[in-house]
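Inspection log for the structure reproduced underneath, given as structure tokens.
The values are calculated or read from the model by the stated rules, or taken from the named source; none is laboratory data. Keep in mind the model is a prediction, meaning the values are calculated, not measured. FYI the Cβ positions are ideal-geometry reconstructions off the backbone, even for glycines, and counts take in every protein chain you see. What goes into the accessible areas is simple: the full protein's heavy atoms, side chains included, and nothing from ligands, DNA or RNA. Shrake-Rupley method; radii C 1.70, N 1.55, O 1.52, S 1.80 Å.
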Amino acid sequence: MMVVPSIITMLLRIPGLLFAISVHESAHGLVAYMQGDDLPKRQGRITLNPLPHIDLFGAIALILFKFGWAKPVVTDPTKYKNPKVGMGLTALAGPVANIFSAIIFAVVLKYIDKYNLIANKYLIIMIQEAYLINLYLAIFNLLPIPPLDGSKVLFIFAPNKYVEFYYKYEIVGQIILIACIFFAPFLLSFFLEPIAFVVSNFINFIVNLLP
């Protein structure tokens with residue numbers, strides 16, 4: 001069930017949001033750069049400064065629903081040795097960076113709880129929200145729906161006809177996603193909450209193996 005967060009929770013969600021989108025988009029740009037595409041670097045997108053990455057409506061959606069987006073990193077696939085594989089790897093980098101970030105926040109929360117390191121409940125909530133934002137941003141972006149990262153990850157395995165189909169109907173997928181986020185977020189929640197539950201349990205399992 002979709003729960004609208006309180007004003008305090010939404011405010012405490014903002015630092016984690018800014019970090020999550022910065023890590024996500026920087027990872028896209030960095031992997032593109034590592035494959036010979038310097039366009040993201042020239043556009044200033046390989047940075048943890050959130051300002052170049054913020055999309056207003058995407059940020060609002062993330063604060064309200066934990067589903068949203070940042071300003072896409074523009075890349076030049078013609079610079080890749082293998083454009084299809086290169087685009088897939090570049091797309092995958094963002095969600096992977098968010099999953100690693102979520103693991104780090106989970107480790108921090110584990111030791112905060114174990115050693116009672118922080119007494120301020122609002123700071124703890126802020127870290128918890130940073131964990132959740134990174135988790136949900138990764139899962140949401142891995143949906144195989146254009147223009148989300150998951151649809152581009154399929155470039156690695158899909159035939160050329162899929163790439164042509166992708167570019168033909170990318171705008172349709174974008175409209176559907178925006179409509180779902182703002183007018184029917186419960187639909188996304190219905191599909192993504194179980195996935196988030198499983199992934200979160202797996203992360204917690206790994207973290208609990210630590211001493």
- [ ] Select from the chain the helices, each a whole stretch of DSSP H, whose alpha-carbon atoms run 15 Å or more along the helix axis and whose Kyte-Doolittle mean is at least 0.5; answer none if there are none.
- [x] 7-34, 83-115, 121-141, 160-183, 185-208
Task: Computed FRET value (nearest 0.05) for I104 with K79, which takes r as the C-beta separation and R₀ as 30 Å - done: 0.45
Task: Selection from A184, I156, A130 lying farthest towards where the dipole of segment 128-211 points positive, charges on Cβ - done: I156
Task: Whole-angstrom gap from segment 168-211 to segment 99-163, using each part's C-alpha centre - done: 10 Å
Open item on the list: So for each of 10-17, 126-133, 37-44 I average, over its residues, the number of other beta carbons within 10 Å; can you give me the resulting order with the highest mean first?
Closed with: 126-133, 10-17, 37-44
Open item on the list: Mean-square fluctuation check for the chain, GNM, Cα pairs under 10 Å: which of G173, G86, G68 is largest?
Closed with: G173
Task: Point-charge dipole on Cβ atoms (K/R +1, D/E -1) for the chain, about Cα centre, debye to 20 - done: 200 debye
Open item on the list: Largest first, please: the extent of the C-alpha atoms of the chain along each principal axis, to the nearest Å.
Closed with: 53, 36, 32
Open item on the list: Can you tell me which lysines have their Cα less than 23 Å from the Cα of K161? Leave out same-chain residues fewer than eight positions away.
Closed with: K79, K81, K84, K152
Task: Kirkwood hydrodynamic radius (C-alpha pairs) into Stokes-Einstein, segment 96-211, 10 °C and 1.306 mPa s, D in µm²/s - done: 98 µm²/s
Open item on the list: Rounded to the nearest 20 debye, what is the charge dipole size of segment 67-191 about its Cα centre when +1 sits on each Lys and Arg Cβ and -1 on each Asp and Glu Cβ?
Closed with: 220 debye
Task: Candidate residues I203, I60, I8: accessible-area rank, largest first, probe 1.4 Å - done: I8, I60, I203
